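Colleague: Supplied in structure tokens, the structure appears directly below.
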Amino acid sequence: MPRLFAPMKGCGFTAHYFTDNHNLSENRKDHSFRFSGHLLTFTTDNGVFSKTEIDEGTKILLDAVVQEGIHGSVLDLGCGYGVVGIALKTVFPEIELTAVDVNPRAVELTELNCKKNQVFANVFVSDGFAGITASFDAVVTNPPIRAGKKVIYKMFEDACDHLSKQGALYAVIRRKQGAESAFRKLEEVFGSCEVIAREKGYWVLKSFKLTD
């Protein structure tokens, strides 16, 4: 697992995408992503994760979740500039999408990208589940590994508390960045965990909430 608050490579600044870094200078750019037959366009900026392209972990996570199928209310936890939630809402237009991030700049970009891709979502700033009272049928996350295990495992625990019965948490983590220990933690929290995809060193983990 990378050390807590390790600098991001190649970013040229020490602020982190999993913090409130709205004071960074702006440098907005657009890029496109073709997913499941849909061409999606995203505006990104300094201070958000993977600003120049969709990262490999997110692609693998999305492919796995689409194969599983989702329904009902869905939370994109740590939404960044909105890729996961917007892609899922585009493929499954009937879902009720909520997207949150601790980073106000990321939330602003998600709101912009929802409009750009004609997707409706409830988007707001929240440090993990701190600002969330609702329950969900699915929580989907590419968690901020550089924030450290303490932060990530708190997200897992809180996700369990905010899932409806039979709701599912989906998370993608690289094996070399702690996928095996995350698997064990999810087994501890939920009582079970399965690896629904393994690709290019990434594991997509799924845990069901079995009780209310």
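Colleague: Hey, any hits in segment 82-96 for a residue that's buried (at least 17 other Cβ atoms within 10 Å of the Cβ) and assigned to a strand (DSSP E or B)?
Modeller: No.
Colleague: What's the number of the condition R146 fails, among (1) modelled with pLDDT of 95 or more; (2) under 17 Å from the mean Cα position of the chain (by Cα)?
Modeller: (1)
Colleague: Of the conditions (1) more than 14 Å from the chain's Cα centre (by Cα); (2) at positive phi; (3) not β-branched (V, I, T), A121 satisfies every one except a single condition; which number is it?
Modeller: With (1) more than 14 Å from the chain's Cα centre (by Cα); (2) at positive phi; (3) not β-branched (V, I, T) applied to A121, the lone miss is (2).
The values are calculated or read from the model by the stated rules, or taken from the named source; none is laboratory data. Source: prediction; values computed, not measured. Note that each Cβ is placed from the backbone with ideal geometry, even for glycine, and that neighbours are counted across all protein chains shown.
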